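Read through the structure below, which is laid out as structure tokens, and then see the notes.
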Amino acid sequence: MRIALYWAPRLDDPLHRLGSAWLGRDAETGARLPQPELRGLDITEITADARSYGLHGTLKAPFRIQTSWEEARATARAIAERTRPFTLPPLRLAEHHGFLALLESEKSAELQALADACVTQMDAHRAPLTEAEIARRNPARMTERQRAYLELWGYHYVLEEWWFHVTLSRRLTAEEHAVVRPALEAYLGDVPAQPRQVTELCLFTQAEPGAPFLIAERLPLRG
């Protein structure tokens, strides 16, 4: 079993409905959803990896538990209890390292602080990376600081190296991008840019390797 701490849209946010349908799965219920059509492309294949993780923005990347579910959940709840709800900057669709993703239109100090707390305070529950897990990250392509973070925190895109993103595709070729981006922009409309409050910290679980991630609990922010 692996767990992760993610941001996910509230259930009453239209982004939850649209983003889940784009990916073809609702991470809240696990239900498969009909996806829109893409001219000449297989949207099921293009969204396969993102669908397995569910619609989310990573705060603490997935990890195996070395303590217990109850202890890890208690720490996640404590983080949520200490965090005040805050406004998420408008999101924008952009190409991000070859993927299409929703990014912040401007940096949020509150969101960065929440991500940092999740990384550092949940780490006591993380089982050390195996050699195979380290190899899959390909440390040779990382900067010196990223390699240090991988060793220290089990993931290299943390703290100063972290950025908020909601992945909506695999890496695309230029030809695929020319089809997918305008279709996705039309599909989402102005929903990403709508104002939204961050009021929950979402605890995701993966029952076994290869299984889809599901929202186990939405922890209210009460700071």
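Only residues that are at positive phi and either touching a strand residue (DSSP E or B) at 6+ places or on another chain (Cβ under 8 Å) or buried (at least 18 other Cβ atoms within 10 Å of the Cβ) (or both) were counted in segment 150-186, giving 1.
Here S169 passes the criteria (1) in contact (Cβ under 8 Å) with a residue 40 or more places away in the chain; (2) farther than 27 Å from G30 by Cβ except the one numbered (2).
One residue alone among L184, L114, L172 is within 25 Å of I79 (Cβ to Cβ) and either among the aliphatic types (A, V, I, L, M) or not in a loop (DSSP other than H, G, I, E, B) (or both), and that residue is L114. All of E217, E208, E175 fail the test of being over 17 Å from the mean Cα position of the chain (by Cα) and under 17 Å from A4 (Cα atoms), apart from E208. In summary, D49 fulfils each of the numbered conditions (1) surrounded by fewer than 17 Cβ atoms within 10 Å (Cβ to Cβ); (2) free of Cβ contacts under 8 Å to residues at least 60 places away in the same chain; (3) not β-branched (V, I, T); (4) not in a loop (DSSP other than H, G, I, E, B) with the single exception of condition (2). Checked against the criterion of being surrounded by 18 or more Cβ atoms within 10 Å (Cβ to Cβ) and either at pLDDT 95 or above or in contact with a helix residue (DSSP H, G or I) (Cβ under 6 Å, 6 or more places away or on another chain) (or both), the candidates A72, A94, A78 yield just one match: A72. From the list A124, A132, the one residue that fits, being surrounded by fewer than 16 Cβ atoms within 10 Å (Cβ to Cβ), touching a residue at least 24 places away in the same chain (Cβ under 8 Å), under 25 Å from M1 (Cβ atoms) and more than 17 Å from the chain's Cα centre (by Cα), is A124. Scanning segment 188-213 for residues that are outside any loop (DSSP other than H, G, I, E, B) and crowded, with 17+ Cβ neighbours inside 10 Å returns L188, R196, V198, E200, L201, C202, L203, F204, T205, Q206.
The values are calculated or read from the model by the stated rules, or taken from the named source; none is laboratory data. Source: prediction; values computed, not measured. Note: ideal-geometry Cβ built from the backbone for every residue, glycine included; neighbour counts use all protein chains shown.
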